[in-house]
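A short write-up of the structure that comes next.
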Amino acid sequence: MLNLQFVRYQQTINGGNNMITRENDERLKNLAKRLTPYDDILYVKDVARLLEKTTKAIQKSIQSGKLKAIKNKGEYVIAKPWVIQFVKNSFDIPSKIDELAAIQKKRIDDVLLYCKKPRSVQELLVFTGLKDKPYLRSIITKPLLESGYLRLLFPDTPHIESQKYITVKKK
């Protein structure tokens, strides 16, 4: 039970992931080549030059815990593997998108099962754990209504206070 918009969204993400993965592999190979002339330990200025960032940005990444480093005589030092890991972690966005897409798919499936009996907006808010009606409408009810998986109990009066949503059995 998946609405059409969600399927298109998944295909777009998954199709893009292969291209992103190849691009990331190339970036890592490039980084490995650029790391070769350096010793096993790099300083902030070296990492900044290598990653084409400011020293301030690198220090901020260290302080936030995104880039591992050790303070030695008042100056941060970074091991090569830590630089590589830092760059790899910056590629994790597609996996997070997939994770969010899976959560959204489950939420939609759960709502469709829940709406086998007519349910009000308030009931849906409680069921999904969402607090905002416009957000519920934009990510769940509107796409499901448009794709025909959900219908209004009173379609002629969509804004009636006693309005409820019910799952439509698709053929």
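For segment 26-171, what does the relative contact order come out to in percent, with C-alpha contacts under 8 Å and a separation of six or more? Write out the running numbers ahead of the final one.
Numbers: 126 pairs, mean separation 25.0, N = 146.
With pairs under 8 Å counted, the relative contact order is 17 percent.
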For this session: Output the relative contact order of segment 116-171, whole-number percent, from Cα pairs under 8 angstrom with separation of 6+ residues.
Result: 42
Seminar exercise, completed: Over 31 Å (Cα to Cα) among Lys56/Lys80; Lys56/Lys131; Lys45/Lys88; Lys60/Lys106; Lys33/Lys56 -> Lys56/Lys131; Lys60/Lys106
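Bear in mind these aren't lab numbers, they're just calculated from the coordinates by the rules spelled out. Keep in mind that what you see is a predicted model, and the values were worked out from it rather than measured.
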